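Below is one structure; the comments refer to it alone.
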Amino acid sequence: MSVRRILVVGLGNPGEAYRNTYHSAGNIVLNALRNQMADTQPSFKVARHGKKSTEASIGPKYSFLQSPCVMNVTGTWFARAYREHLIDNGLSPAELGVVLVHDDLEEELGVVKIRDWARSHRGHNGIKSVNASLKADPDGKWARVSIGIGRPVERERASVSDYVLSKIPRHARGILEEKGGAGLLAALMDLERKWEAS
């Protein structure tokens, strides 16, 4: 059965204090992609998804959602939004592609990679929370797309935490938006081809 819609969810932390931090790279890059697709993908607007007010862009093929939850407890909302999306669009799991977009400390800034859904979370609390709340339906199409944010020289947990929650400098945000937006678009095209062929 072919995929009729694709749900793309960006991970990040809500609120002005965290909107422009490395940990919110998933939302930043998803917004950059929406800007690149302005002819076919509507602007983000606040709407109810998963029982929460969520920044959403619902187009003819893609549904872009920016997680409204603190990273560590994203899973419950994500599971609700997924199930809601199936019901509201009259889709079976096999007809909905699901893509989770998240930051990645192990890749250089702006590098985009497609990851298998079941691949290790490597300590990412948002992915851990999603995995704990939702088991991927075996009939569905599932993937993660990671957005490289680089890693601080110090590897201590506190240093890493400070880094991912730090403000992104303007030049680094420009790299994220340009490389990340184009990379995410290419990743979605690759996933569509793969899913249609399977």
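The values are calculated or read from the model by the stated rules, or taken from the named source; none is laboratory data. Only a predicted model underlies this, so the values are computations on that prediction, with no experimental measurement involved. Every residue, glycine as well, gets a Cβ built from its backbone with ideal geometry; the counts of neighbours run over all protein chains shown. Heavy atoms of the whole protein, side chains included, go into the accessibility calculation; ligands, DNA and RNA do not. Shrake-Rupley method; radii C 1.70, N 1.55, O 1.52, S 1.80 Å.
Can you tell me which residues in segment 112-125 are open to solvent by less than 40 Å² (accessible area, probe 1.4 Å) and modelled with pLDDT of 90 or more?
Taking segment 112-125 first, the residues open to solvent by less than 40 Å² (accessible area, probe 1.4 Å) are 112, 115, 117, 124.
Hits for segment 112-125 are Val112, Arg115.
Taking the criterion of being assigned to a strand (DSSP E or B), at pLDDT 95 or above and either more than 15 Å from the chain's Cα centre (by Cα) or surrounded by 22 or more Cβ atoms within 10 Å (Cβ to Cβ) (or both), would at least one residue in segment 65-83 satisfy it?
As a first pass, look at segment 65-83 and keep what is assigned to a strand (DSSP E or B): 65-66.
This time we only want the ones that are at pLDDT 95 or above, so: 65-66.
If we keep only those that are either more than 15 Å from the chain's Cα centre (by Cα) or surrounded by 22 or more Cβ atoms within 10 Å (Cβ to Cβ) (or both) as well, we get 65-66.
Looking through segment 65-83, at least one residue is assigned to a strand (DSSP E or B), at pLDDT 95 or above and either more than 15 Å from the chain's Cα centre (by Cα) or surrounded by 22 or more Cβ atoms within 10 Å (Cβ to Cβ) (or both).
Conditions (1) in contact (Cβ under 8 Å) with a residue 60 or more places away in the chain; (2) of a type in the set (Ser, Thr, Tyr); (3) closer than 21 Å to Met37 by Cβ, marked per residue:
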| residue | (1), (2), (3) |
| --- | --- |
| Ala81 | yes, no, yes |
| Lys135 | no, no, no |
| Ser159 | no, yes, no |
| Tyr163 | yes, yes, no |
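Out of the residues in segment 27-50 meeting the condition of being open to solvent by 50 Å² or more (accessible area, probe 1.4 Å) and in a strand (DSSP E or B), tell me which one is farthest from Val112 (Cα to Cα).
First, pick out the residues of segment 27-50 that are open to solvent by 50 Å² or more (accessible area, probe 1.4 Å): 31, 35-36, 38-40, 42-43, 45-46, 48.
Okay, now just the ones that are also in a strand (DSSP E or B), so 45-46, 48.
Numbers: Lys45: 26, Val46: 27, Arg48: 29 Å.
Across segment 27-50, the extreme among qualifying residues is Arg48.
If you go through segment 136-164, how many residues are more than 14 Å from the chain's Cα centre (by Cα) and either over 14 Å from Leu11 (Cβ atoms) or open to solvent by 70 Å² or more (accessible area, probe 1.4 Å) (or both)?
Residues flagged as more than 14 Å from the chain's Cα centre (by Cα) and either over 14 Å from Leu11 (Cβ atoms) or open to solvent by 70 Å² or more (accessible area, probe 1.4 Å) (or both) within segment 136-164 amount to 20.
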